[in-house]
Amino acid sequence: MGDVLQPAHLVVIAFLLAPVTVVILPPFWVIFKKAGFQPILSVLMMVPLVNLALLYFVAFSKWKAGPEPKI
């Protein structure tokens, strides 16, 4: 009775997390791939706070893909 996470809880969490993973990972996989980063970084989008840091890193870094802007 004192255990917080029973095996049944882990099964419920897995069933709830699987659809979220299927919805979240593919778009970020494509974004990272098009931006010239390793697509496996999309897995880090499932980690709280790391996902925010990763978004800032990608947003403000120089992308390797695409033509250089003409100034």
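Checking each residue in region 22-46 for being at pLDDT below 90, under 9 Å from the mean Cα position of the chain (by Cα) and open to solvent by 60 Å² or more (accessible area, probe 1.4 Å) picks out only M46. Pairs only if they're at least six apart or on different chains, beta carbon under 9 angstrom, first in region 1-25 and within 17 Å of L44 (Cβ to Cβ) and without any contact (Cβ under 8 Å) to a residue 60 or more places away in the chain, second of a type outside the set (S, T, Y) and open to solvent by less than 70 Å² (accessible area, probe 1.4 Å); list them, first residue then second. Every condition considered, the pairs that remain are L17/M46; V20/M46; T21/M46; I24/M45; I24/M46; L25/M45; L25/M46.
The values are calculated or read from the model by the stated rules, or taken from the named source; none is laboratory data. In this text, all values refer to a predicted model and were calculated from it rather than measured experimentally. Counting neighbours? That spans all protein chains shown, and the Cβs are built from the backbone with ideal geometry, glycine included. When the accessible area is computed, the model is the full protein with side chains, heavy atoms only, and any ligands, DNA or RNA have been set aside. Shrake-Rupley method; radii C 1.70, N 1.55, O 1.52, S 1.80 Å.
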